[in-house]
1. Checking the condition touching a Leu at 6+ places or on another chain (Cβ under 9 Å) and farther than 28 Å from His82 by Cα, which residue from Glu30, Glu34, Glu24 passes?
2. Select from segment 151-168 the residues that are within 16 Å of Leu221 (Cα to Cα), open to solvent by 20 Å² or more (accessible area, probe 1.4 Å) and touching a residue at least 24 places away in the same chain (Cβ under 8 Å) and list them in ascending order.
3. Cβ contacts < 9 Å: first residue open to solvent by 10 Å² or more (accessible area, probe 1.4 Å), restricted to segment 127-150; second residue among the aromatic types (Phe, Trp, Tyr), any location; separation 6+ or different chain. Result?
4. Residues Leu51, Leu79: which one is open to solvent by less than 80 Å² (accessible area, probe 1.4 Å) and touching a residue at least 40 places away in the same chain (Cβ under 8 Å)?
Amino acid sequence: MRELILLTDAFLSDRIRARTTLLEENDFVEGVREATQILRHTFFRPNILFLHLRPDSDLAEMQALVDKTAAYRMGIMLLARHPIKELGREQVINVWASPQGPAWQHDLRKSNLDLAILMAYQISQNWRGRINLCMAVADEPTAKQGTQFLTELIDLARLPSQTEVHVIAAPFMQAVQSAPQADLSTFGLPKEPDLRFYQEIVSVVDGSCIFIRDSGEESALA
């Protein structure tokens, strides 16, 4: 509890609103569920569940948390730190988007990109770093559509002018290896994620990763 109080005090000293609540529960999943149910009725209710995805994480437990959180309209962030590099030089963030064909409309809620864009923007401001918008596509004609989509997204989301677009015509895992090296890479988290697969991505990317699912209430274009 003392460590939580110290962490809360550190947030408050940085003018970040923070409170500490201790809930005793033998089962971690049930504890998180109960805390979420209680706090969702407060004025400043939690809107993101942030968890560490470690090599030794109990994947069944993590999966249960991810599944239960969806019912509370909360965003989810799973951070998988690189065991050696950690967050590297804290300069470059790669945001991976899935192809949005055939319509290629800027509906970020449908594409699960709102929270990832907002998070990347905030971190880039804190780091004074740079964002790369990345996408893996099947072929070169699709790559042109993807490049146009992401270029327009930079303007629509009012991202920094130095934001770069990298669309790679290759299978996903190959594209991830071919993308510019980043200190943090973000990927979408589907409704039924394979958490073991996401653990493996860290070694393929060779850097820290964060896997994100929108709550449905964020908007990077507002």
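1. Numbers: Glu30 fails: touching a Leu at 6+ places or on another chain (Cβ under 9 Å); Glu24 fails: touching a Leu at 6+ places or on another chain (Cβ under 9 Å).
Residue meeting the stated conditions: Glu34.
2. Glu152, Leu156, Pro160
3. Ala136/Trp96; Ala136/Phe172; Gln145/Trp104; Gln148/Trp104
4. On the way: Leu51 fails: touching a residue at least 40 places away in the same chain (Cβ under 8 Å).
On inspection, the qualifying residue turns out to be Leu79.
The values are calculated or read from the model by the stated rules, or taken from the named source; none is laboratory data. Remember, it's a predicted structure, so these values are computed and weren't measured experimentally. We place every Cβ from the backbone using ideal geometry, glycine too, and count neighbours over all the protein chains shown. Areas reflect the complete protein model, heavy atoms only, side chains present, ligands, DNA and RNA absent. Shrake-Rupley method; radii C 1.70, N 1.55, O 1.52, S 1.80 Å.
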